[in-house]
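Asker: One structure, pasted below without further comment.
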Amino acid sequence: MGEPWRDRARRAVEWNWRLRPAGDPRPHYVVCGRDSLAYYVAKALLESDLPAGGARVTVVVPERHRSNGADVATLKGVRVVRSDRLDEATFRAANLPGAAGVALLDQDDVGNLHAALCAQAVDRHVRQVLRMFNGTLADGVRTLLKAPVEVLSDAEMAAPAFVAAALGEVDPTHFQHRGRTLRLARRADVREQDVVCGLADQSDPQRMVLLPADPSTADLVLAEATGQPPGTEVAARRLVRARRRRRPVAVLLRAVRGFATRKIGIAMMFVLAVVVLLGALIAQAGDVSPAEALYLTLVTTLSGADPDTEQSAYEQVMQVVLNLAGLALIPLITAVVVDGIVNARLALHTGRLQPHRSGHVVVVGLGNVGTRVMAQLREYDVEVVAIDKNPEPRGGTLARQLEVPLIVGDAAQPETLEAASVADCQALVIVSTDDVANLEAALAARDIRADLRVVLRLFENDFAERVEEAFNLGVSRSVSYLAAPAFTGALTERAVIATIPVGRHALPVAEVPVAAGSELDGRPLGAVSRDGQVRLIARTPAGGGRTIWWRDLDPRQVIFAGDRLTVVARRAGLDWLTRQCAPPVPHPTLPVQPGGDQPDATPRNGGNGSNGGPPKASPDDDTPGRHPALPNS
């Protein structure tokens, strides 16, 4: 249903006010997408403290737009353009010419490529950020497009967090920068001399402290990789070693149970019971041995018997009934064989005829994220069983290549979970694109095993947090929320090197250049770090000199224009640092008012200019819609 006319009018008035005819110095960004990733990227752009005082954002959504999670069209302060096609006309309607960047965030790789070509035709110099799953296609896009382009995969960014949660370890995030490899680790798993900085104090489960003032209290740290395997790999090896032997008897019994339907089995048992009873009566009446009775029963049942008028009436009645039972038995045997063959073929096709497993990981949903999770688990040699409603999901081909069994069915049904041996698995990772189906599968799995480790994907980050607290289902994650900082950094041309997931939060690692005349130009390095917001880990001097890492950093050293500062920060902290390192914004010369008084051209917002004042916001900036307060310099 279209947007109500009152909301359209209000949005148009607000946008016309924001886009003043005299010229708006704020950068303009176009965000194309309908899901939670587009919502978080647009929200971060609106809340960012860029040097010009924020950003103008236009979002492009389909005409009949329905969001599975947070709705980007409901954000206050955005201009909404509704179009079912991302073509040149749509981009012109969104004022793409002259924009600072465009984000193409649909889940269709080919559709995003087509939109990128159309955007390039409208403005060949606009910066483009594309969301793509196919790595080969992404490499081709980088060489095909002439415009500045960045191709990212939200699934690739979020998958390590799901893998780590499934194995009960920290996220295996690692990245290379300036010749060194850094990784996320527990403090107890690394040497003290390899710790770069403390990331989080998790001693209080109810309140995680990010970038604590005392780095020694942080139990989750950023460390230099020294050849020691990360915790996730160690946990995977331990899981492989502990894998128990298969139980062939249980597998045989399960195969027999699945060979025929229940009705045919009952009919078969009834007829066999009649045959056995009549055979016993014939043996008693004829006074023969058990072996002879078995012979007479089988011959009479399967081939019939010649009539014998000399037998007693009692024996003749039993012979007739036994012949009738034989007539019913032969079709039943045929039905059992046919039904068994059909059931076996269906079970093999849907993956339900599986041996019993233990110590494995069950992945529900082989979409973009599920495929990445499955691939990374197999890289660690962890046994994986996949479940998907679609017989040919996106990751089906890769599953066959990795010899991962795929069970086709609804993960909310107990028989599907039992076929995947959920009762004895290490963890259940539910990453389909349907929040309702994910919750149903998680609850069904908990009915089978109360202490099962469940890793749940939900689109809305706030909803994921509330579900985790209310239902105690285990770990819940929002892929869009984890990946949004990297897309936002690429769109605003920040040198975001990596994004470190820490629980529900995401800490970007960025390299920020210091401009001449900026607030930090000529100030000591001690002015960079802010407790709970920004932590300096390296400095590269102007002119491309040798990078000075955390061990050799002196807070008394002076920052010069052209230096590049590598930091780990929260979102608002990175916004603040970017503003501090930006060149001063020239203020227009205003005419002298009558009476000789010159109006004050200094911004009065106290934090959005380049005066060095920190932004005023709430304590937790990584929760959607909040900004932290930074202490004064």
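Asker: If you take the square roots of the eigenvalues of the alpha-carbon gyration tensor of segment 376-430 and sort them as a ≥ b ≥ c, do you get rounded (a/c under 1.5), prolate (a/b over b/c) or oblate? Mind dumping the intermediate values first?
Answerer: Details: a/c = 2.23, a/b = 1.16, b/c = 1.93.
Cα axes put segment 376-430 in the oblate bin.
Asker: Ignoring solvent entirely, what values of log10 I(q)/I(0) come out of the Debye formula for segment 357-477 at 0.15, 0.17, 0.20, 0.23 Å⁻¹ when each Cα is a single scatterer?
Answerer: So the normalised log intensities work out to -0.58, -0.76, -1.06, -1.39.
Asker: Can you order the peptides 538-547, 180-189 by their average number of other Cβ atoms within 10 Å per residue, highest first? Walk me through the numbers before you get to the answer.
Answerer: Values: 538-547: 14.8, 180-189: 18.9.
Top of the packing list down: 180-189, 538-547.
Asker: OK, next. Output the peptides 486-493, 447-454 sorted from most to least packed, where packing is the average of other Cβ atoms within 10 Å over each peptide's residues.
Answerer: 486-493, 447-454
Asker: Next question, about the same structure. What distance in nm separates the simple spin-label points at residue 216 and residue 125, each placed 7 Å from Cα in the Cβ direction?
Answerer: Those two pseudo-labels are separated by 5.5 nm.
Asker: Turning to a different aspect of this structure: Please sort 99-106, 122-129 by packing, taking for each peptide the average over its residues of neighbouring beta carbons within 10 angstrom, highest first.
Answerer: Working: 99-106: 24.8, 122-129: 18.5.
Taking the mean over residues of other Cβ atoms within 10 Å, the ranking is 99-106, 122-129.
Bear in mind that the values in this text are calculations on the coordinates, not laboratory data. Not measured: the values here are computed from a predicted model. Using ideal geometry, Cβ is built from the backbone for each residue, glycine included, and neighbour counts are taken over all protein chains shown.
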